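The values are calculated or read from the model by the stated rules, or taken from the named source; none is laboratory data. Treat the numbers as computed from the prediction; the structure is a model and nothing was measured. Backbone-built Cβ (ideal geometry, glycine too); neighbour counts: all protein chains shown.
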Amino acid sequence: MPSSDEMKALMREYVACLNAGDLEGIMALYAEDATVEDPVGTGTKQGTAEIRAFYEMAIASGAKLTIVGPQTGSSSDYAAMPVVVDLAQPGLPAMKINVIETMRFNEAGKVIEMRAYWGPEDMGPAG
């Protein structure tokens, strides 16, 4: 099982890959049977094809993440981080979303579950 520090480092790598538009780098962090629920309560994407489509859309939307507080790990297989997501799609107003993201990792250090906690009240104009 990855250590708390290793899980936090993998989450920072995830942020760097997303911000760089590195789809292959993001996908390399996930196990083949992983799940993504973003935002929580809107349905789960499962497996490589669905997760790839989700991140293709996120990259196309211009999503950029900034970690805005301390990352937290656990003595088991979960870690969490608070982020602000900046969206800048052409022709639409720039937006910010306050999010808490959690990731669960397997023995090999691959993400097996990502959940993003946010709702409409967490969205607002950038600036």
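Taking the criterion of being surrounded by 19 or more Cβ atoms within 10 Å (Cβ to Cβ), of a type in the set (Ser, Thr, Tyr) and part of a helix (DSSP H, G or I), the only residue of the range 30-84 that qualifies is Tyr55. Based on what the data block shows, is Met103 of a type in the set (A, V, I, L, M, F, W, C) and either in contact (Cβ under 8 Å) with a residue 60 or more places away in the chain or assigned to a loop (DSSP other than H, G, I, E, B) (or both)? Yes. Could you tell me whether Leu18 is within 13 Å of the chain's Cα centre (by Cα), in a helix (DSSP H, G or I) and surrounded by 15 or more Cβ atoms within 10 Å (Cβ to Cβ)? Yes. Looking at Met1, Met27, just one residue is in contact with a helix residue (DSSP H, G or I) (Cβ under 8 Å, 6 or more places away or on another chain) and among the hydrophobic types (A, V, I, L, M, F, W, C), and that residue is Met27. Just one of (1) in contact with a strand residue (DSSP E or B) (Cβ under 6 Å, 6 or more places away or on another chain); (2) at pLDDT 95 or above; (3) surrounded by fewer than 17 Cβ atoms within 10 Å (Cβ to Cβ) fails for Ala126. It is (2). Here is a check on your reading of the model: is Ala60 modelled with pLDDT under 95, in contact with an Asp or Glu (Cβ under 9 Å, 6 or more places away or on another chain) and among the aliphatic types (A, V, I, L, M)? Taking the combined requirement at face value, the residue does not satisfy it. Quick check on my filter: what residues within the range 89-118 are at pLDDT 95 or above and surrounded by fewer than 13 Cβ atoms within 10 Å (Cβ to Cβ)? Glu107, Ala108, listed by residue number.
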